[in-house]
1. Taking the range 357-444 as the region of interest, what is the percent of Cα-Cα pairs per 5 angstrom bin, listed from the shortest bin to the one with the maximum distance?
2. Going by amide H atoms built from the backbone, whose H comes under 5 Å of the H on Cys320, apart from near neighbours?
3. Which trypsin sites (Lys or Arg not before Pro) in the range 35-79 sit in a loop by DSSP (not H, G, I, E or B) and have at most 11 other Cβ atoms within 10 Å of their own Cβ?
4. Can you return the aspartates and glutamates within cross-link range of Lys434? Criterion is Cα-Cα under 12 Å, with same-chain partners fewer than 8 residues away left out.
5. Could you list the square roots of 5 times each eigenvalue of the Cα gyration tensor of the range 166-304, that is, the equivalent ellipsoid semi-axes, sorted largest first and rounded to whole Å?
6. For the range 159-235 and the range 372-430, what is the centre-to-centre distance using only Cα atoms, to the nearest Å?
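Only the coordinates and a few stated rules stand behind these numbers; no lab work does. Every value quoted in this text rests on a predicted model; they were computed, and no experiment measured them. Ideal geometry is used to build each Cβ from the backbone, glycine not excepted, and the neighbour counts take in all protein chains shown.
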Amino acid sequence: MPKPEPDLSLLTREQVLRALRQMDREGLRMPLSTVYDLVYRGRRYAPRAVAQLAYRLATDQPEATWPLPAGAPTNQVLELLDFTIATKRPTLENSSLDGDVAAQDAMQELHTGITREKPARSRKQVAPDTLTDTSAAPASTVHEPAPAYELPAAQPYDRATALQELFVSEQQLDATLAALHRRRNLILQGPPGTGKTFLARRLAWLELGATDTTRIELVQFHPSYSYEDFVQGFRPDTQGSFRLQNGVLPEFCQRAALDPERPYFLLIDELNRGNVSRIFGELLLLLEADKRGPAHALRLPYAAATDARFFVPANVFVVCTMNLADRSLAPLDYALRRRFAFVELAPEFGVPFQEFLAAQQVPAPVVQRLVDRLTDLNLTIADDPELGPDFCIGHSYFCQPPPEPAAADAWLSLILQQEIAPLLDDYWLDQPAKATAQKKRLLG
């Protein structure tokens, strides 16, 4: 005799809510879910355990078994009742995928004054050695270890030093500085290995007149970087609770505002690896050269009405680097683009680079071999319709030659074999014959 189909219509949203309230009230121990969570009012529950209890309440049978397996079948029933099912993962601060539940709880308490009661554990669940009086024990705090280093002392830095270090002409350097002064926001873009971060730091040093690290802030964007990290948000403190904290940008701008006669530089590495529009927030407006200063200050979304408004001081300069070769990165939107000046960097294997290697005592035949092989390879890459100039090989692979001239030939061979050749396999992943041919020309 076939088994009758279970009547799932008995399960209503009200029954599920009753189950959630009972779990909260009785402090029921939840079986751990492995993949999914039901998220309701900032708390997480195992979906099948919730459905099981709700089904027993609906059927008025304390021993009834929920007829569907965990996973998609149970999740679909709960989603039809307008509950949120989220993929289970560790709760990470400021995750861009889904607001973390602990932060939502803390924000609700801060704005409403209502503290969520946590179910008391029964005496059976408490280990015997924990039943002693701990009221006098001090609250434990967590601190980052003290830094075991000191910032280097500032050294003078001038135009002559910059031209000696950089593989750019004097005209290129002047044009780059003119763009920085005009827009106050600059993006250095180009293929990987073209010295974008190296140039960004030296532009700051040149404008400061010294290698003054106290007036430079370097951050790197990445997929997990968020508005809460960069501007303002709720983050854990040393007591383990969440509170509103400023990010890198407001703290840096406060320092700059207290020293208005001297320039300050914010360096953003790998700009387009993060969700730029989400990270920047109000900065998209305040970055403009004619929107600087207190007259254009804005109230930040997390700030109270009585808090001071935020502005970007006129003495803050922003220099970003952007990799054009990574196919996984989204292009910048035009609203952001129009607030920056762009400077293109290309691989440099010309006279300045060759003179640099010669000064490092790299033998002339090794220098010539390097230049010939890389120039030929970059021409091939630039002419490939599926790659183009953005995928050319940069010169920074070869900027740290060995101190011994006799080791230079082996040094070059190893870089070509271990760093450049694997890159070519990735470039021509669907054309292995072409990749093999190019590697043979490079290494032969």
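1. Computed distribution, short to long bins: 3, 13, 26, 24, 16, 10, 6, 2, 0.
2. HN-HN under 5 Å from Cys320: Leu186, Ile187, Leu188, Ile268.
3. Here the trypsin sites (Lys or Arg not before Pro) that fit, given the DSSP loop and packing criteria, are Arg41.
4. Lys434 reaches Asp384, Asp425, Asp426.
5. Details: eigenvalues 159, 65, 44 Å².
Largest first, the range 166-304 gives 28, 18, 15 Å.
6. 25 Å
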